[in-house]
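Student: Let me begin by handing over the structure; questions about it come next.
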């Protein structure tokens, strides 16, 4: 038995090293599967960043309408939306979503 092991020593060690490197290539913290997961997470975070930047830009624009360039029309639309405010002899139609 020992004779066979001595003859095939390099084959056995080579097989174990190949299996070790193969499994570490695919799995593990720096493996191929981990790389794919991290790339997917990166694309998701970039998309979230774009959405948040657009939302911030929209809020800054609305804030500028209330502070720097005081827009009376915008204030009127806010009052109508939030408080269902109306003028005399004005009809208001409220549409409800059934969803």
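Student: Taking residue 18 as the residue in question, decide whether it is part of a helix (DSSP H, G or I), modelled with pLDDT under 90 and either in contact with a strand residue (DSSP E or B) (Cβ under 8 Å, 6 or more places away or on another chain) or surrounded by 10 or more Cβ atoms within 10 Å (Cβ to Cβ) (or both).
Tutor: Details: part of a helix (DSSP H, G or I): yes; modelled with pLDDT under 90: no; either in contact with a strand residue (DSSP E or B) (Cβ under 8 Å, 6 or more places away or on another chain) or surrounded by 10 or more Cβ atoms within 10 Å (Cβ to Cβ) (or both): yes.
So residue 18 fails the test.
Student: Hey, another quick one. Please name all residue pairs, on different chains or six or more residues apart, with Cβ atoms under 8 Å, provided the first residue is in the stretch 5-21 and is more than 26 Å from residue 31 (Cα to Cα) and the second residue is surrounded by 10 or more Cβ atoms within 10 Å (Cβ to Cβ).
Tutor: Filtered contacts from the stretch 5-21: 5/12.
Student: Now for a different question. Could you please give the count of residues in the stretch 42-72 that are exposed (fewer than 10 other Cβ atoms within 10 Å of the Cβ) and in contact with a helix residue (DSSP H, G or I) (Cβ under 9 Å, 6 or more places away or on another chain)?
Tutor: Matching residues across the stretch 42-72 total 0.
Student: Here's another thing I want to ask about it. Looking only at residues in the stretch 73-99 that are surrounded by 10 or more Cβ atoms within 10 Å (Cβ to Cβ) and free of Cβ contacts under 8 Å to residues at least 12 places away in the same chain, which one is farthest from the chain's Cα centre (by Cα)? First the steps, then the outcome.
Tutor: Of all residues in the stretch 73-99, those surrounded by 10 or more Cβ atoms within 10 Å (Cβ to Cβ) come to 74-80, 85-86.
Narrowing the set further to residues that are free of Cβ contacts under 8 Å to residues at least 12 places away in the same chain leaves 75-80, 85-86.
Values: 75: 33, 76: 35, 77: 32, 78: 31, 79: 34, 80: 34, 85: 38, 86: 41 Å.
Among residues in the stretch 73-99 that are surrounded by 10 or more Cβ atoms within 10 Å (Cβ to Cβ) and free of Cβ contacts under 8 Å to residues at least 12 places away in the same chain, the one farthest from the chain's Cα centre (by Cα) is 86.
The values are calculated or read from the model by the stated rules, or taken from the named source; none is laboratory data. Worth saying up front: this structure is predicted, and the values here are computed from it rather than measured. So basically every Cβ, Gly included, is an ideal-geometry build from the backbone, and we count neighbours across all protein chains shown.
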